[in-house]
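Shown next, in structure tokens, is the structure this report addresses.
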Amino acid sequence: MEMKALGQPTHATHPHIINKGEITSLTTRSEYKHRRFVLIDQIKSHAKKMHMASNNHLIVVPASSTQYMSGKIPYNFRQNTDFLYLTGCLEPDCCFVTTIINEEFSTTLFTRETDKNAEKWDGPRTNHRDAADFFGVNQSLPINVLNDFIRGFVKYVANLIVWYNFVNPIQMHVHSIMENFMSDFGTTLTCENPTIFIQQMRLIKSPSEVALMRKTCRIASDAFIETIKCSSPGIIESQLNAKFDFECKIRGAENMAYPPIIAGGKRACIIHYSNNNQVLSKDDVVLMDGGCEYHGYCSDITRTWPVGGAFSPEQKSIYKIVYEANCELIDMCKSFPSLDALYERMLITVGVKLQHLGLLSRYETIKSVMKVAQQLCPHHCCHFLGMDVHDTPMIKRSIKMRPGMIITVEPGIYINEENTLFPKNYRGIGVRIEDDVLITETGPVVLSDFCPKDIEQIEKLASEFSKLPSGYI
Ligand SMILES: [Mn+2]
């Protein structure tokens, strides 16, 4: 069966990427099946617990569609991560549907039909005849019968709970089917959003997900090292961008996880700076926030280093505070606090340490010091990380950490040029140090550990000079 090219890499056609039994890299058919069982189980037990009106369910999770920059020129395709998590299917315009009648369930993957002309241009598709076996679902059907399938099901099962995310439409074709369906049958149906259940599952990483996260963080760490080495006065931020991109992709990453931020000097105080078009000079520190995507899993790392190889005393003192906050917050993960608790700790640490430097002396209460720290670091110091950079956003940051979660720890201080609270030689300094941390029973594991961050190592790395391709600096 597998010798034939499908719409995505398989063991038969891409043995260098996919091992036997896997649908996507390191993730087996049986793991995907297990995820679907868990979701079905969660939804069934939730419905029972909440005394919902029915034991009959229809769960609909669509794939993304290709987005176009202009005409027929596509952006890189990125699959809807909830759909990918449940199916392993990498093709656009598909849809995953589960029907549950009392205790019995059936999973159906709707895929694009064979289209000789389209496939001549875009490559093979996995049609419904191959999809059921390959993805391990009960059946597969062409996407163009989705509407009839759903309407047929509601006629057959009158009392029904529909699980579909109406708040965040992913695929217009599926969304219009669902909207019309609800407007025709809505009075007899209950509608619920399945997303939170999928995110609760995605929050705790399986062993194969941890392996993929280790890999994506290792790749990005190594790419950071190479990028820091090649930075030197006169280089343009975009050239560091190109270097980082190359070093990630040559190690197997398919994409950047997000457009990197490469901000020299005072530009580091612009939190989402992404123009990356300025020249770096000897006295600048440069803040780089970058990560890659490796078989669907994202890294998200920030390092800040002196372009000339040595921090000024002011730069060094701010860096030291952020470094110590980063280490302290990571250490706190031992006792499984919430992400919000880490944020509060960051504000205290940053505020108090600035006071020890002899700054902010006019603020007397801890509350007022924390308020200044909050102005200096307007972003949270943590988010969940996984298939998405800001992973599982429906999960509150007030819950306690649990083993299997992966989070970022990213304290920062940004003193912009207009900030008169600080002496002139501190203004325009922006520092962030961000690591990716796996929470385990026995304590935090820093997945981005390969990339140095202490002052001595970072200055040493920044003083190295590895050349860009000839002619470029
Ligand atoms: Mn981050």
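Here, each number is a calculation from the coordinates, and none is a lab measurement. Quantities reported herein were computed from a predicted structural model and do not represent experimental measurements. Neighbour counts run over all protein chains shown; Cβ positions are idealised from the backbone, glycine included.
Just a few scattered comments:
- From the alpha carbon centroid of the stretch 404-456 to that of the stretch 119-170 is 44 Å.
- Loop-located chymotrypsin sites (Phe, Trp or Tyr not before Pro) in the stretch 404-473 (DSSP state not H, G, I, E or B) with no more than 13 neighbouring Cβ atoms inside 10 Å: PHE465, TYR472.
- 31 Å Cα-Cα threshold exceeded, pairs from LYS367/LYS396; LYS4/LYS215; LYS229/LYS334: LYS229/LYS334
- Cα-only Debye scattering, the stretch 22-201: base-10 log of I(q)/I(0) at q = 0.09, 0.14, 0.17 Å⁻¹: -0.31, -0.76, -1.12
- For the chain, the relative contact order comes to 13 percent (Cα pairs under 8 Å, sequence separation of at least 6).
- Applying a threshold of 24 Å to the alpha-carbon distances of LYS20/LYS120; LYS249/LYS400; LYS316/LYS460 flags LYS20/LYS120; LYS249/LYS400 as lying beyond it.
- Sorting the segments 454-461, 43-50 by their mean number of nearby beta carbons within 10 angstrom, highest to lowest, gives 454-461, 43-50.
- Restricting the calculation to Cα atoms, the stretch 204-463 yields a radius of gyration followed by a Dmax of 17.5, 52 Å.
- Mean residue ellipticity (222 nm) of the chain, computed from DSSP H runs ≥ 4 via -39,500 (n - 2.57), nearest 500: -11500 deg cm²/dmol
- Placing +1 on the Cβ of every Lys and Arg and -1 on the Cβ of every Asp and Glu, with no other charges, gives the chain a dipole of roughly 320 debye about its Cα centre.
- Averaging 1/r across all pairs of distinct Cα atoms in the chain and inverting the result yields a Kirkwood radius of 24.4 Å.
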